[in-house]
Amino acid sequence: MSLDELTAIDLRERIAARQVSSTEAVHAAFEQIDRAEPTVGAFISLFRDEAFARAQEIDRRLAAGEPVGALAGVPVAVKDNLCTRFGATTCGSRILENFHAPYEATVIRRLLDAGAVIIGKTNLDEFAMGSSTENSGLKKTVNPWDTERVPGGSSGGSATAVAARLCSIALGSDTGGSIRQPASFCGVVGLKPTYGRVSRYGLVAYGSSLDQIGPLAQTVTDAALMLSVIAGHDPADSTSVDERTAPVADYVARLDEPVGGLRVGIAPAFNAGADESVRSALDAAIEVYCGAGADVVEIELPHIDYAIAAYYVIATAEASSNLARFDGVHYGYRTPNPADYVEVYSKSREEAFGQEVKRRIMLGTYALSSGYYDAYYLKALKVRNLIRNDFVKAFERCDAILMPVAPTTAFKIGEKTDDPLKMYLSDIYTIAVNLAGIPGLSIPCGLDPAGLPIGLQILTPAFSEDKLVRIARMFEAATEWHTKKPAIVG
Ligand code: GLN
């Protein structure tokens with residue numbers, strides 16, 4: 001058996017029907033890992049023995065007729081900024097290289113309660129800061145479609161693991177695009193839920209008002225299945241939303257019901273900034289929706305040009321505060337020979353944080369400092385409100401907005417590392433979505449002339465993930481793009 005032949009939902013059904021065992025599924029995952037992982041480098045850690053032990057336990061429970069969950073026996077990978085009780089939680093940073101979390105993230109608990117088999121933790125840009133996974137302090141991950149190119153980021157390891165079929169399904173986190181953009185670069189589905197839909201408890205914080213955890217998967221159905229497992233209120237995260245206000249749906253149940261009377265919104269002036277191949281794939285995707293009976297309306301997002309500027313003030317401000325805890329005392333790395341206690345802090349941080357993380361701590365500290373707070377941070381918050389209102393207004397005229405995920409397909413390794421602003425610009429289509437807090441999904445919608453995947457981004461109003469996945473499924477049901485896979489899958 002190869003994982004390539006089965007999605008998570010197929011696999012779980014076969015495991016539950018005892019046509020395939022979880023042990024066989026885990027075996028298939030590690031067989032592919034042994035083959036492809038030395039080339040792609042998706043994982044920071046792998047839990048081979050633990051995964052087999054867990055699979056055997058699930059198989060035993062099934063044989064005994066005991067209840068098992070929605071992901072029983074399915075191999076899953078998780079981004080290494082999610083706290084687990086087993087293994088290290090590194091955040092792709094040397095400062096946390098040997099950090100073992102004393103507690104686990106709520107999403108990890110929910111995965112385990114659902115019977116998932118966590119096979120490893122995936123590489124990321126250090127503390128999820130980046131768009132290419134090149135900022136990882138621990139290892140290099142390459143795009144499975146072209147090993148000279150980046151997998152996107154910051155959840156590049158999770159996207160690569162799913163694209164190369166090292167696992168069936170994975171978790172990432174998205175602060176400004178980090179699920180959707182690597183999904184697009186690697187030709188898989190990525191879903192960032194509404195802010196507050198999924199508990200952030202145990203996700204190492206980067207930009208707390210922007211961060212959300214979500215699935216990367218081969219298909220919309222698998223993403224919907226994973227969302228059903230992780231969504232919902234958590235008393236340990238006060239920003240997770242009360243289910244009486246925003247109920248969690250069974251995202252899989254009505255997935256194949258097309259949304260009737262669908263109006264899709266497009267912002268042509270904004271989309272014009274993308275590469276030719278991305279624009280023509282978007283145009284073709286719009287045609288697919290028209291073919292399914294949707295009406296197209298032109299919308300305006302008047303403040304969207306300020307999204308990158310506002311984001312890089314807000315996200316860095318929050319990061320500078322969140323990362324203050326990594327001080328050589330509380331967590332992780334400590335400089336070996338400090339002259340005094342000030343050096344414990346300064347040298348530990350100097351020696352173990354990477355360049356991008358330091359840049360952001362400095363930017364954020366500056367934006368929050370007295371005298372500049374009003375000019376930068378407060379101004380950025382006001383812009384954020386304007387952008388949020390742009391989306392509210394746009395959704396008065398349409399049910400979903402379609403746009404590119406990124407202006408380009410996967411770029412070459414090293415192409416943007418010397419120019420942070422150029423790197424930041426690659427987030428242009430994803431970042432406003434986090435500022436607005438709405439859900440967004442990336443789905444494969446084409447290949448460029450070099451054969452690299454292109455993603456279509458679909459946005460819907462806050463807490464309408466049930467509709468979002470159905471709209472995405474309409475596209476998937478009408479196209480073949482999600483069946484394309486990189487040669488490394490074999
Ligand atoms: N690329 C963006 C950044 O560097 C977004 C990262 C993310 O979503 N975690 O901040």
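Tabulated results
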{"quantity": "Elements of type helices (runs of 4 or more DSSP H) contained in the stretch 266-368, each with 3 or more residues being crowded, with 16+ Cβ neighbours inside 10 Å and in contact with a His (Cβ under 6 Å, 6 or more places away or on another chain)", "calculated": "none"}
{"quantity": "Yes/no for Asp399 being at pLDDT below 95 and either surrounded by 13 or more Cβ atoms within 10 Å (Cβ to Cβ) or within 16 Å of the ligand (Cβ to nearest atom) (or both)", "calculated": "no"}
{"quantity": "Checklist (1) touching a helix residue (DSSP H, G or I) at 6+ places or on another chain (Cβ under 8 Å); (2) at pLDDT below 95; (3) open to solvent by 30 Å² or more (accessible area, probe 1.4 Å); (4) farther than 30 Å from Glu287 by Cβ applied to Asp419, failing item", "calculated": "(1)"}
{"quantity": "Odd one out for Ser238 among (1) open to solvent by less than 10 Å² (accessible area, probe 1.4 Å); (2) farther than 19 Å from Ala116 by Cα", "calculated": "(1)"}
{"quantity": "Selection within the stretch 135-165 - open to solvent by 10 Å² or more (accessible area, probe 1.4 Å), within 13 Å of the ligand (Cβ to nearest atom) and touching a Ser or Thr at 6+ places or on another chain (Cβ under 8 Å)", "calculated": "Asn135"}
{"quantity": "Near pairs, Cβ below 6 angstrom, 6+ apart or cross-chain, from the stretch 51-72 (at negative phi) to any residue that is assigned to a helix (DSSP H, G or I) and polar (S, T, N, Q)", "calculated": "Ala55/Ser22; Ala55/Thr23; Gln56/Thr23; Ile58/Ser22; Asp59/Ser22; Asp59/Thr23"}
{"quantity": "Among (1) closer than 22 Å to Val220 by Cβ; (2) touching a helix residue (DSSP H, G or I) at 6+ places or on another chain (Cβ under 7 Å); (3) part of a loop (DSSP other than H, G, I, E, B), the one test that Pro449 misses", "calculated": "(1)"}
{"quantity": "Odd one out for Pro102 among (1) touching a Leu at 6+ places or on another chain (Cβ under 9 Å); (2) open to solvent by 10 Å² or more (accessible area, probe 1.4 Å)", "calculated": "(1)"}
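The values are calculated or read from the model by the stated rules, or taken from the named source; none is laboratory data. No experiment lies behind these values; they were computed from the predicted model shown. With ideal geometry, Cβ positions are generated from the backbone for all residues, glycine too; neighbour counts draw on all protein chains shown. All accessible areas refer to the heavy atoms of the entire protein, side chains included, with ligands and DNA or RNA removed. Shrake-Rupley method; radii C 1.70, N 1.55, O 1.52, S 1.80 Å.
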